[in-house]
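Step one of this worksheet: look at the structure below.
The values are calculated or read from the model by the stated rules, or taken from the named source; none is laboratory data. Keep in mind that this is a model prediction, so the values were computed, not measured. Neighbour counts run over all protein chains shown; Cβ positions are idealised from the backbone, glycine included. Remember, those area values only see protein heavy atoms, side chains included, never the ligands or the DNA or RNA. Shrake-Rupley method; radii C 1.70, N 1.55, O 1.52, S 1.80 Å.
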Amino acid sequence: MPREEFQDVLSKLNPAWKAYSDELDRTGQKPRTNPDGDVDLAGVKFADFVVPECAECAAEGHPGSILKLEVIFFGESIPEKVKERSFRMVDESDRLLLVGTTLATFSAFRLVKHALEQKKPVLLLNLGPARTDNLSEVEKIELPSREVLLETCRLLA
């Protein structure tokens, strides 16, 4: 399902959330973003949020299945295929660059350890504390990743 279509479905199922979002847009207010990227939404009721049903699942005889994007949420297990691919990518690289992550999840930190075991340089671009702060082998640039990436793109253009 295209992102815009998914957003329309979410808006129809969650009119109060849509109104909240529209009010933020109208006033120019921005919710507070935590260092880990989570957003602090004051005064909203998460229990009232309706997750769309998976139409494909319902058609296959599994009604009531929720629609889940192909992402891995914090706390979920990474499929073995994805894990193997990420290790293979580290194996095939000559260095590791991490952008905008605290490496709080072990699955991400494990890739850093894997690269370091192979004596590969590791560079972290992140503003704020990270799990690798006590590892001298990991070089860190403590600047906002958005600004660094935009400037890099400008210089490369």
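Before moving on, here are some points about what is shown:
- On inspection, Arg146 qualifies as closer than 30 Å to Glu5 by Cα and either in contact (Cβ under 8 Å) with a residue 60 or more places away in the chain or charged (D, E, K, R) (or both).
- Asp48 meets all of the listed conditions (1) exposed (fewer than 10 other Cβ atoms within 10 Å of the Cβ); (2) over 23 Å from Ser65 (Cβ atoms) but one, namely (2).
- Flag for Pro63 being open to solvent by 100 Å² or more (accessible area, probe 1.4 Å) and either free of Cβ contacts under 8 Å to residues at least 12 places away in the same chain or at positive phi (or both): yes
- In the range 126-157, the qualifying residues are those that are of a type in the set (D, E, K, R) and part of a helix (DSSP H, G or I), and the one that is least open to solvent (accessible area, probe 1.4 Å) is Glu151.
- Among the residues making up the range 67-113, those that are among the small types (Gly, Ala, Ser), free of Cβ contacts under 8 Å to residues at least 40 places away in the same chain and open to solvent by less than 70 Å² (accessible area, probe 1.4 Å) are Ser86, Ser93, Ser107, Ala108.
- Residues within the range 103-157 that are touching a Lys or Arg at 6+ places or on another chain (Cβ under 8 Å), under 20 Å from Val82 (Cβ atoms) and of a type in the set (Ser, Thr, Tyr), tallied: 1
- Scanning the range 80-100 for residues that are of a type in the set (Val, Ile, Thr) and over 15 Å from Glu139 (Cα atoms) yields Val82, Val90.
- Checklist (1) under 30 Å from Glu5 (Cβ atoms); (2) in contact with an Asp or Glu (Cβ under 6 Å, 6 or more places away or on another chain); (3) open to solvent by less than 50 Å² (accessible area, probe 1.4 Å) applied to Arg32, failing item: (3)
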